[in-house]
Amino acid sequence: MAQLRYWINTSLDGYIADDAGRFDWTEPDAELHAFFNDLERQVGTHLYGRRLYETMRYWETAHEQPDQTPVELDYARIWTAADKVVYSRTLTAVDTGRTELVRDLDADDVAARKASADRDLSIGGAGLAAVALRAGLVDEVGLVVHPVVVGGGTAALPPGVRLTLDLVEERRLTRGAVYLRYRVRHRT
């Protein structure tokens, strides 16, 4: 059975965006981007909330933009080859390939997707991930912690959720960032 992974960039104080919605402090250099590419190669399906999908759909046509670096072109290939499921009550259509629009995250549907997938799934968007974390669907949490304190904004992890985690990987990255990968211990 495939795993559902929640990988996220976060500030040291636990936010994915500051109070103004900015996350420019997470912009990767080539080495960090290559690290993200390697993580994304493991994923067959992305589960996105609307806002993250609207940010990520840039990669559908990134290869057409001038001055793309090899690592950016590689990411665009990885992203367009993966399936995407967008959860939104406001979108009426999606305009990227291999993309399905679903109104609400249903735990049984996600569990069925995991059971039938031959590659792992990732979930993105703090609100959507919060629903999946509360439902016990997430198998792995990966944090790229950046050396910045933003003082507030969108939390990487939802309040009121308790998880028992096992550290399975830690790695120093460029610009003082650190990658921490945890396996979620599911209650049995």
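The values are calculated or read from the model by the stated rules, or taken from the named source; none is laboratory data. In this text the structure is predicted, and so the values were computed from the model without any measurement. For neighbour counting, all protein chains shown are included, and Cβ atoms are generated from backbone atoms with ideal geometry for every residue, glycine included.
The single condition among (1) exposed (fewer than 15 other Cβ atoms within 10 Å of the Cβ); (2) closer than 22 Å to residue 125 by Cα that residue 155 does not meet is (1).
Out of 173, 163, 167, one residue alone is under 20 Å from residue 43 (Cβ atoms), surrounded by fewer than 18 Cβ atoms within 10 Å (Cβ to Cβ), more than 15 Å from the chain's Cα centre (by Cα) and at pLDDT 95 or above. It is 173.
Collect the residues in the range 73-108 that are among the charged types (D, E, K, R) and over 13 Å from residue 62 (Cα atoms), keeping them in residue-number order. Result: 83, 84, 89, 95, 98, 100, 103, 104, 106, 108. Does residue 145 meet the test of being out of contact with any strand residue (DSSP E or B) (no Cβ under 7 Å at 6 or more places or on another chain), in contact (Cβ under 8 Å) with a residue 12 or more places away in the chain and among the hydrophobic types (A, V, I, L, M, F, W, C)? For residue 145, the condition - out of contact with any strand residue (DSSP E or B) (no Cβ under 7 Å at 6 or more places or on another chain), in contact (Cβ under 8 Å) with a residue 12 or more places away in the chain and among the hydrophobic types (A, V, I, L, M, F, W, C) - is not met.
With respect to the conditions (1) exposed (fewer than 13 other Cβ atoms within 10 Å of the Cβ); (2) over 18 Å from residue 46 (Cβ atoms); (3) touching a residue at least 12 places away in the same chain (Cβ under 8 Å), residue 179 lacks only one, and its number is (1).
Residue-by-condition table, conditions (1) more than 20 Å from residue 135 (Cβ to Cβ); (2) among the aromatic types (Phe, Trp, Tyr):
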position: 8; (1), (2): no, no
position: 36; (1), (2): yes, yes
position: 70; (1), (2): yes, no
position: 99; (1), (2): yes, no
position: 112; (1), (2): no, no
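For the residues 91, 101, 105, the requirement of being more than 19 Å from residue 28 (Cβ to Cβ) and touching a Phe, Trp or Tyr at 6+ places or on another chain (Cβ under 7 Å) singles out 105. Once the range 80-98 is narrowed to residues that are of a type in the set (Val, Ile, Thr) and within 16 Å of residue 40 (Cβ to Cβ), the residue that is surrounded by the most Cβ atoms within 10 Å (Cβ to Cβ) is 85. Name the strands (runs of 3 or more DSSP E) wholly within the range 55-166 that hold at least 3 residues that are in contact with a helix residue (DSSP H, G or I) (Cβ under 8 Å, 6 or more places away or on another chain) and within 20 Å of residue 35 (Cα to Cα)? Correct list: 120-124, 140-146.
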